[in-house]
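Note sheet for the following structure.
The values are calculated or read from the model by the stated rules, or taken from the named source; none is laboratory data. What you are looking at is a predicted structure, and each value in this text was computed from that prediction instead of being measured. Cβ: placed from backbone, ideal geometry, glycine included. Neighbour counts: every protein chain shown. In case anyone asks, the SASA skips ligands and DNA or RNA and just uses the protein heavy atoms, side chains included. Shrake-Rupley method; radii C 1.70, N 1.55, O 1.52, S 1.80 Å.
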Amino acid sequence: MTPTQRPDVLAALRACRLWRTAGDRAVTRLAAAATVQEASRGTVLAAEGDPAERFGVVVTGRVRVYHLTADGRTVLLETMESGDAFAAAASLAGGRNPAYVDAATPVSVAWLDRETLFAVLADDPGVARALVADLAGQVVSLTGVVQTLSLDVPGRLARYLFQRSLAAGSATSEGLLVPLGIPKSELASALGTVPETLSRAFARLRDAGVLEVRGADVLVFDVGALARMGSGYAD
């Protein structure tokens, strides 16, 4: 890892929501203080329980944030791409990493220590509002993950597909065509299950007449059924 002011690092830091109200001078200052790590797929970038002495911003590639259960299952909490920050809350609090982070693809990560960000906040207190808003949004998002995991696997799948229907569904003469967005193996992890159980959940929704699987897409016939099952109040 070496200090850098690479153009791609500067662009990723400009895109980071944590300091979205910061001016160019502040972002350039962050870029000058950043240390960049190039990592291959599968590299652990942050280990759960380790001291969070710094936080990262994804420059290129994609990283996974996940928890390992006592029985060895991987529960995917979120994925992050260019401009997304990870381990920020723990680092700013001086705590420990609450989850693992690894490289889902080859990645470049810009690492920053919290004192650098505190210095920017001292110079431009207005940036603190964006910082608080983003960190609060992350808490809300993780609360949604907990709510999802309280459902059975078909319910978790229905909740995910309902949200994807709203975000990326396109109407066809047959129904609503919804791209899954991630490989099924990653979707299984995100839903806290294994591929075999996920396949059975898809089959259950198919047999109920809710949808049909078409490769990396699903054709949804009953969006309302997805909403009911995903809320936990299905009949």
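Observations on the model:
- In plain terms, the chain from A93 to R214 could stretch by 39.1 nm, reckoned as 0.36 nm per residue minus the Cα-Cα distance.
- Here region 72-93 and region 21-51 have alpha carbon centers that stand 12 Å from each other.
- In summary, the chain shows an alpha-carbon radius of gyration equal to 1.13 times the 2.2 N^0.38 Å reference for compact globular proteins.
- With the whole protein complex present, D152 retains an accessible surface near 80 Å², based on a 1.4 Å probe.
- Pairwise label distance in nanometres, A171 with D50, each label 7 Å out on the Cα-Cβ vector: 5.0 nm
- For the chain, built as a Gaussian network whose Cα springs stay under 10 Å, the top-fluctuating residue of A22, A93, A103: A93
- Screening the chain for whole DSSP H helices of 30 Å or more along their axis (Cα) with average Kyte-Doolittle hydropathy at least -0.5 returns 127-149.
- A130-A32 pseudo-label distance in nm [points 7 Å out on the Cα-to-Cβ vector]: 1.9 nm
- Distance between the pseudo-spin-label points of S40 and T105 (7 Å out from Cα toward the beta carbon): 1.8 nm.
- E212 contributes about 70 Å² of solvent-accessible surface, heavy atoms of the protein only, 1.4 Å probe.
- Principal axis dimensions, region 25-115 - Cα atoms, whole angstrom, descending: 47, 28, 16
- Choice from A225, A87, A119 showing the highest fluctuation, given a GNM over the chain with Cα pairs closer than 10 Å: A119
- When nucleic acids and ligands are ignored and a 1.4 Å probe is applied, F202 ends up with an accessible area of around 10 Å².
- The chain - mean residue ellipticity at 222 nm from DSSP helices (-39,500 (n - 2.57) per run, n ≥ 4, rounded to 500): -13500 deg cm²/dmol
- Just the protein heavy atoms count here, and of the accessible area of the chain at 1.4 Å, carbon and sulfur take up 54 percent.
- The mean accessible area for residues of the chain, using a 1.4 Å probe and ignoring ligands and nucleic acids, is 49 Å² per residue.
- Each Lys and Arg contributes +1 and each Asp and Glu -1, all at the Cβ; summed about the Cα centre of the chain, the dipole is approximately 160 debye.
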